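Working notes, structure below.
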């Protein structure tokens, strides 16, 4: 029996994932991102400890009950997933199996073509993906000026700033940030509680 969107959105809230990963899963489910790369282990405590100079070994288990819950949600959403390597906590998820497989294969290939393909598979605007790929691989060529939302005043009053998951060329900030606005509007409409969590967390960090 096909699981309804309403049931999936309700279950998504209680998956053992950080809020950002839940957003990425939902955007892949709605096919607003061909592929999402998610981290299937909560990072909050680990990051907090690292800031204090404390390193704690990860207890992540690919076959744990928590991982099984995430796998079941993905399968019930009629999506595919593939870890970057066997037992890895980094999963590539999407509706098109061939794109999921491709994304997981090329994510660690740092030449221009593969960097660009990865960006487009993750649903980033083309100009942003191209500029990022250029900057990652350029040697003697001039870097393209790019911005990140927490470093650019343009986003200070933009509710969709927490959904900008990509660097944007300075000259295309307004145009290329529309993708993030679409993502934000989708989460706000479909899962308002998740939007509140994500946006509240960003406000708190600022």
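The values are calculated or read from the model by the stated rules, or taken from the named source; none is laboratory data. All values derive from a computational prediction rather than experimental measurement. Glycine gets a Cβ as well: all are built from the backbone with ideal geometry, and neighbour counts include every protein chain shown.
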Discussion item. Which condition from (1) modelled with pLDDT under 95; (2) more than 24 Å from residue 25 (Cα to Cα) is the one that residue 149 breaks?
Written reply: (2)
Worksheet, complete the sentence: (1) within 19 Å of residue 112 (Cβ to Cβ); (2) surrounded by 16 or more Cβ atoms within 10 Å (Cβ to Cβ) all hold for residue 142 apart from (2)
Discussion item. Kindly evaluate residue 36 against the criterion of being surrounded by 15 or more Cβ atoms within 10 Å (Cβ to Cβ) and either modelled with pLDDT of 90 or more or on the phi < 0 side of the Ramachandran plot (or both).
Written reply: yes
Worksheet item: Here are 88, 96: which of them is in contact (Cβ under 8 Å) with a residue 60 or more places away in the chain and assigned by TED's automatic domain parsing to the domain that holds residue 37?
Response: 96
Worksheet entry | Those residues of the range 150-174 which are in a helix (DSSP H, G or I) and either touching a strand residue (DSSP E or B) at 6+ places or on another chain (Cβ under 6 Å) or more than 30 Å from residue 101 (Cα to Cα) (or both), in sequence order | 150, 151, 153, 154, 155, 170, 171, 172, 173, 174
Discussion item. Can you find a residue that is at pLDDT 95 or above, in a loop (DSSP other than H, G, I, E, B), loosely packed, with under 12 Cβ neighbours inside 10 Å and assigned by TED's automatic domain parsing to the domain that holds residue 17 anywhere in the range 58-80?
Written reply: yes
Worksheet item: On the given criteria, is residue 181 under 20 Å from the mean Cα position of the chain (by Cα), in a helix (DSSP H, G or I) and under 30 Å from residue 6 (Cβ atoms)?
Response: yes
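One line per residue, one yes/no per condition, for (1) within 30 Å of residue 10 (Cα to Cα); (2) modelled with pLDDT of 95 or more; (3) buried (at least 20 other Cβ atoms within 10 Å of the Cβ):
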position	(1), (2), (3)
113	no, yes, no
120	yes, yes, no
131	no, yes, yes
136	no, no, no
156	no, no, no
176	no, yes, yes
184	yes, yes, yes
Worksheet entry | Filter result for residue 104 (modelled with pLDDT under 90 and buried (at least 16 other Cβ atoms within 10 Å of the Cβ)) | no
